[in-house]
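Asker: My questions all concern the structure below.
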Amino acid sequence: MIDLSVEFVGLSLPNPFIVGSGPTTGNPEKIIKAIKAGWGSVVVKTIGDSIVRKAVRPMYGVFKRGRDLVAFENLELITEDPLEAWDKYLKVIKSEVKNPIIVSIMGGSDYDEWVKLARWVEERGAGAVELNFGCPHGEPERKTGAFIGQHPDLVFQYTKEVVRAVGIPVVVKLTPNVTDISEIAKAAELAGAKGVTAINTVNGVIGVDIERGTPLPDVNGYTTYGGISGPAIKPIGLAAVSKVRTSTQLEISGVGGIFDWRDGVEYMMLGASTVQSVTYTMIKGFDFVREWEKELVSFLERKGYSSVRDLIGIASSKITSYEFLEKVTKRRTSVDEEITSVRGEVYG
Ligand SMILES: Cc1cc2nc3c(=O)[nH]c(=O)nc-3n(C[C@H](O)[C@H](O)[C@H](O)COP(=O)(O)O)c2cc1C
């Protein structure tokens, strides 16, 4: 009998699949639907207080090749609903959902508000609190979100204050828009965080309308740098998870471009004990998770593993230095041979 259950920051989950923080965890109906569909947990859409404001429209953009989505952009901010609404929402969720849930929060540039929000969600039954130090648009202009996540000293200070104030586990959501993500993760660990979620969206521009010379998404003729998600960011997420795994003891929830159960396994093999999906749930809904569970079980059986825990981190020590690769590389192929082989992989 294959065991899909996992522990993440002390929370017991029936499987490693979590709906990450975003529009598909933005109200109780969606959260209850996700859990009923079989997801192990959810990270609730980021809740705030002083920084809540209306998001611009349109706030989404897509980059496709043929029919396939390469990348997705959002200019969405944290929830537009005030705390009074979330007070009601969290009660409804608590009464309908038995799985532990993680609640994402974002305060302003003052850490007192982060502390207040963390206590507020703890009092309302959150199993863990996720600190959104990763949102790359809108919030950094106001010295919060990814602004905090780009400075190890701020990550340390804000995390430490929250850890001191609450009894529930604290998870830090990392931004990939940094020079060295290990330094940020180490600051979170030193401050007492139990885990990290890696990664938030990658700063980018989804495209330009060349007929009108307008960058996208087109907000009345203008745009700003947004958050890129989807398949294009998976390699960035995998590297981030691997770096956190090898530089800290933190538990990791992997996220970024997980569109398939295999993507989740890749994240787990590099060190994630749970994996999150957001963009794919926006496109496909929640029901595919049962299929992912089934596929994961047959993969584990085929490979002779008894538990999903057997996968965690098994590939991480195989990411090493270039110098080491120079020693173990076997055959020297020409650049042209390599290009031919890549062409074969792309075109079959
Ligand atoms: C429309 C949208 C809204 C998001 N809102 C939040 C948010 O409120 N808080 C947060 O921590 N991350 C937010 N994210 C980031 C996701 O949680 C996730 O880190 C990122 O999208 C990468 O995963 P994916 O490729 O599976 O979408 C959002 C992502 C999208 C696409």
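The values are calculated or read from the model by the stated rules, or taken from the named source; none is laboratory data. Predicted model only: the values in this text are computed from it and were never measured. Positions of Cβ are generated from backbone atoms using ideal geometry, with glycine treated the same way; all protein chains shown enter the neighbour counts.
Asker: Just the residues that are in a loop (DSSP other than H, G, I, E, B) and either surrounded by 15 or more Cβ atoms within 10 Å (Cβ to Cβ) or among the acidic types (D, E) (or both), please, taken from segment 204-223. Reasoning before the result, please.
Answerer: Initially, segment 204-223 is screened for residues in a loop (DSSP other than H, G, I, E, B), giving 205-206, 210-213, 217-218, 220-221, 223.
Those that are in a loop (DSSP other than H, G, I, E, B) and either surrounded by 15 or more Cβ atoms within 10 Å (Cβ to Cβ) or among the acidic types (D, E) (or both): V205, I206, E211, P217, D218, T223.
Asker: Is it the case that V178 is modelled with pLDDT of 95 or more, within 17 Å of the chain's Cα centre (by Cα) and of a type in the set (V, I, T)?
Answerer: When the stated conditions are applied, V178 passes them.
Asker: Just wondering, is there one or more residues in segment 279-301 that are polar (S, T, N, Q), at pLDDT 95 or above, more than 13 Å from the ligand (Cβ to nearest atom) and in contact with a Leu (Cβ under 9 Å, 6 or more places away or on another chain)?
Answerer: no
Asker: Within the set of pairs 6+ apart or on separate chains, which have a first residue in segment 319-343 that is touching a residue at least 60 places away in the same chain (Cβ under 8 Å), a second that is surrounded by 10 or more Cβ atoms within 10 Å (Cβ to Cβ) and not charged (D, E, K, R), and C-beta atoms under 9 Å apart?
Answerer: Hits for this filter: I319/A239; I319/S242; I319/T246; I319/L270.
Asker: What are the residues in segment 305-325 that are over 14 Å from M1 (Cβ atoms), small (G, A, S) and surrounded by fewer than 16 Cβ atoms within 10 Å (Cβ to Cβ), if any?
Answerer: Within segment 305-325, S317, S321 meet the criteria.
Asker: Can you tell me which residue among Y158, Y89, Y111 is at pLDDT below 95 and buried (at least 18 other Cβ atoms within 10 Å of the Cβ)?
Answerer: Among Y158, Y89, Y111, only Y111 is at pLDDT below 95 and buried (at least 18 other Cβ atoms within 10 Å of the Cβ).
Asker: Take the residues in segment 30-57 that are of a type in the set (S, T, N, Q) and surrounded by 21 or more Cβ atoms within 10 Å (Cβ to Cβ), then tell me which one is nearest to E113 (Cα to Cα).
Answerer: The residue in question is T46.
Asker: Suppose the filter is more than 21 Å from G22 (Cβ to Cβ), assigned to a loop (DSSP other than H, G, I, E, B) and of a type in the set (S, T, N, Q); does T340 pass it?
Answerer: For T340, the condition - more than 21 Å from G22 (Cβ to Cβ), assigned to a loop (DSSP other than H, G, I, E, B) and of a type in the set (S, T, N, Q) - is not met.
Asker: Another question about this same structure. Just to check your reading of the model, which residue among I181, I148 is among the aliphatic types (A, V, I, L, M), within 20 Å of I78 (Cβ to Cβ) and buried (at least 17 other Cβ atoms within 10 Å of the Cβ)?
Answerer: Every option except I148 fails the conditions.
Asker: Quickly run through segment 231-259 and pick out the residues that are more than 14 Å from T175 (Cβ to Cβ), surrounded by fewer than 24 Cβ atoms within 10 Å (Cβ to Cβ) and within 11 Å of the ligand (Cβ to nearest atom).
Answerer: P231, A232, K234, F259 - these are the residues of segment 231-259 that are more than 14 Å from T175 (Cβ to Cβ), surrounded by fewer than 24 Cβ atoms within 10 Å (Cβ to Cβ) and within 11 Å of the ligand (Cβ to nearest atom).
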